[in-house]
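The values are calculated or read from the model by the stated rules, or taken from the named source; none is laboratory data. The structure displayed is predicted, hence computed values, not measured ones. Here the Cβ positions follow ideal geometry from the backbone for every residue, glycine too, while neighbour counts run over all protein chains shown.
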Amino acid sequence: MKHKTRKISVPILIFSVLLVSFTANFANAESIPEWVKNNALWYGQGIISETEFLNAIKFLIENDVIVIENIKDKPVKNIDATVTIPNGNSDIASGGFYLPLNLEIPVNTKVIWVNDDLVPHNIQSQDEFGNVIDLFNSPPLSTGDKFDFVFEESGVFSYYCSFHPWRVGLVTVR
């Protein structure tokens with residue numbers, strides 16, 4: 001017996017996702033109107049065209065029958081990321097670089113530097129020429145101390161420890 005295989009088109013996939021998100025707010029499938037179920041069935045059977053099906057979806061969205069959340073309108077929650085200053089970071093011959101050396105984060109992320117070394121360190125932000133700038137600068141951090149800064153704009157931000165200037169790091173904000 002020969003089976004027909006049918007490719008799932010983008011509209012079917014979109015409708016399926018919308019249907020799942022539509023039903024996620026309800027306790028049971030009985031709350032989905034029959035005409036919505038019929039349109040999906042008829043499209044799947046080839047009874048109505050893709051254009052008719054898409055117009056039905058458009059109608060549902062425009063009339064708030066299906067509500068799609070706009071994530072652009074939601075406030076962005078701050079995320080935390082950590083940079084560790086490992087033990088041995090102060091030794092010029094040590095491989096104790098910042099962990100991670102280049103932290104990649106989204107906008108509005110709070111970066112927390114933690115000093116796990118046995119000696120004090122600080123965090124000094126730098127411009128593209130290596131000059132200290134007044135963006136994020138910590139006081140001396142003893143073992144276990146933390147310093148944090150929220151990156152509200154995208155870009156690549158350089159920093160170093162003024163006590164151990166061979167230790168440099170980057171924060172890349174996308």
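Of the residues making up region 92-110, those that are out of contact with any Lys or Arg (no Cβ under 9 Å at 6 or more places or on another chain) and at pLDDT 90 or above are Leu99, Pro100, Leu101, Asn102, Leu103, Thr109, Lys110. Cβ-Cβ contacts under 6 Å between residues 6 or more apart (or on different chains), taken from a first residue in region 104-125 that is assigned to a loop (DSSP other than H, G, I, E, B) to a second residue that is buried (at least 17 other Cβ atoms within 10 Å of the Cβ) and of a type in the set (Phe, Trp, Tyr), are listed as Ile123/Trp113; Ile123/Phe147; Ile123/Tyr159. Condition check: acidic (Asp, Glu), at pLDDT below 75 and at negative phi. Does Glu30 satisfy that? Taking the combined requirement at face value, the residue satisfies it.
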